[in-house]
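Coordinate-derived values only; no laboratory data. Computed from a prediction, not measured in an experiment: that's the story for all the values here. Backbone-built Cβ (ideal geometry, glycine too); neighbour counts: all protein chains shown.
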Amino acid sequence: MKKYKNLVIGGIQQKVFNLVLVTILLLVAAYTAVILYQTSSLKTLTGETNLRQKEAITKISGTTMDAVVADSLTSKTEMAAMLADDLFTKLSSTVQILADSAETMLQAPELYPARPFALPDASMDGTITLQLVGETGSMPEDPATMEKLGLLANLSDLMTALYRNAGTSSVYIAVPEGYMLCVDDKSGARVDEQGNILTIPIRERPWYVGAAQSNSIFFTDVLQDVFTGEIGITCTIPIRQNGRLVAVAAADMFLDQMATAVSGSGDVVHYTCIINNQGHVVFSPQNQGTLRARNAEDAEDLRFSEQENLAAFVRDALNGTTGVRELDMDGDRVYLAGAPVETLGWAVVSLVDKAATERPAVMMQEQFDSALDEAAAVFNRGFARSKQIIVISVLAILVMGSAAALTVSKRIVKPLETMTQKVRSLGGNNLQFMMEDDYRTGDEIEILAESFATLSARTLQYVDQVQRVTAEKERIGAELTMANAIQRSQLPRLFPPFPNRHEFNLFATMKPAKEVGGDFYDFFMVDNDHVALVMADVSGKGVPAALFMMVTRMLIKSRIQSGESPSEALTNVNRQLCESNELGFFVTAWLAVLEISTGKGVAVNAGHEHPVLRRSGEKYELILYRHSLALAALDGVQFRQHEFQLCPGDSIFVYTDGVTEATSSEKELFGTDRMLEALNKAPDAEPDEILATVMGEINRFMDGEEQFDDITMLCLKYNGPVQ
């Protein structure tokens, strides 16, 4: 459109001016009234349509955000719970390894020459060192105590490796004489400004007292470190000889390390915390509010909080996954989701401020209102201009005829009618208003149509963004499913595996959990008279554990097929795994080689579950004996092997901890007693029937509960040499 003085050329003014020249008074007046009526109707309809679109967008965005928050918060909480469980499992495994090694040294002190140790040195601050910390601030005067500490100083290399790889803040071993050997990089914190060695009441510290009163792994509540002032938790294991406490193995983990592992956020509207089985918050990125971490003596037991809804939520979270709940806390309305940390009976809780989740919908409404205001302003300006043109036209009608008024007025009214019908048809899933040739009039009608088209395009763009987010989530799920399938395809699945060998019958199964895991079994012929059996479990979860599993499987098979004994094979595999084990994985494994013609076998147990043996005509029973360390736990380990003899009709059953740790709805473990009960229901059955019976009993025990670990089993029945 072009404007020349007060005349708009190419707009409605020009069209009405043409009417004045060619139409009569009555026709122009009639069609002018039609134009006014249609414009007013369009304005009214536009307001109603905009209101309906705003309500629809608000409803869709609100529903979508609620669904996204519920799904995302639940998934994040469950993932954080698994990470926390893995973190505490890794911490307890670290302490267990240290305790086992210390116990071995204390049982045979003559095999380990004393090693030197020293008091803390401020100049070594920042360097990982072995330091003697005690209640006196000086070396022990008792020769027996010095000899004992010198013996335990042989653990220096192991403690250093555990400190580097386990992500702890300190690793130490204490003795009842009031001293402890500690490995960390905080030497300077144990020396005051005058160079005096600081002391610590070791035997009064909660971690020592708890370990002395316990017979297994003990986790403290939140404690403040005597030297650094930082707060965290401590994991300990008592070491006893003849019922007497001789040492305590321990490791610390500060809250900042837990935050890194659990991916906790410091955002006040979205963060994750950990609550122990006493209802105390042991980790939180917040320093204020109900869900902040405090020392044990100051902590509130949230299971019995005055906020009844919060207390009920905490109790439920300690017992199982809660789903998303909405409640008031610290003056705000929040969404909460909880999931249990199975290893400790603790819980991970994630919080999202409800107002933050509603912010995108509010912003979209504001943008929508802004677009409506802009469109209304354009429309009102056009409508005001149209009224001016109509007045001029009516005045011109008094002089001019309207022979051509009908034709010209229809050209004006037709786009408005088409636009009105199109707007009325919008609704439901059809919210897009498209520009058509009928609206390209070159005047305000075209501007109004373009405004409608822009507004509907923005609406569809938002809906498309929501759909893309949903599609990305489904893609990630599909990739995890494919990774699980690839992992299972690496295991032998053809049964019977050796149809021409009638000296034995063999069957194995693995029922994976939802995510990719680290269990595996294997069996293969070493030569014409020897068959190898493998059952193993890699620490940790996910794709890295699965890759570590496949590497371990290939190394074991390669070593055995090259003619090495089980002990030699695992010793060499352990060395290879330790060379590049940056993630700190370890593998529990049971490896046996059976001589088919005689039934003689050699087996090595590297920290794995006890095997189960059945003699012909008898029942299945656990075979208990001392294990070696797990693979990749410590370099230079020599693995012990033992011989066994199978007679015709004997059977052997091996498994992973997913069998005994299958959990019921009452959080009770399946255990070895129930496993033996299942095996002995039909002890004479073939291996495939035996495994089917055990799996059936596990399923009945779990009664629909979610499986959290792979369930892997292998059974071999020895028939004896073929006559």
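The figures follow:
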{"item": "Convex hull projection area averaged over all views, region 108-247, Cα basis, nm²", "result": "8.7"}
{"item": "Charge tally in the Cβ shell below 12 Å around Gln131, where Lys, Arg are +1 and Asp, Glu are -1, Gln131 excluded", "result": "-2"}
{"item": "Kirkwood Rh and Cα Rg combined as Rg over Rh, evaluated for region 491-718", "result": "0.95"}
{"item": "Ranked list, fewest to most other Cβ atoms within 10 Å of each Cβ, for Cys578, Cys273", "result": "Cys578, Cys273"}
{"item": "Per-peptide average of other Cβ atoms within 10 Å, ordering 175-182, 711-718, 621-628, 691-698 highest first", "result": "711-718, 175-182, 691-698, 621-628"}
{"item": "Mean Cβ count within 10 Å, highest first, over the residues of peptides 233-241, 702-710, 673-681, 157-165", "result": "233-241, 157-165, 673-681, 702-710"}
{"item": "Entries in Lys541/Lys619; Lys557/Lys667; Lys148/Lys186; Lys76/Lys541 that, when Cα-Cα distance is taken, lie over 28 Å", "result": "Lys541/Lys619; Lys557/Lys667"}
{"item": "Computed label-point distance, nm, for sites Asn277 and Gln224 using a 7 Å Cα→Cβ extension", "result": "2.8"}
{"item": "Percent RCO, i.e. relative contact order, over region 127-232, from Cα pairs under 8 Å lying at least 6 residues apart", "result": "30"}
{"item": "Built amide H within the under 5 Å cut-off of Tyr271, gap 5+", "result": "Leu351"}
{"item": "Between region 647-683 and region 694-723, the Cα center-to-center distance that results, in Å", "result": "7"}
{"item": "Test item: Cα-centred dipole of region 258-357, Lys/Arg +1 and Asp/Glu -1 on Cβ, debye", "result": "240"}
{"item": "For peptides 347-353, 293-299, sequence by mean Cβ density within 10 Å, most packed first", "result": "347-353, 293-299"}
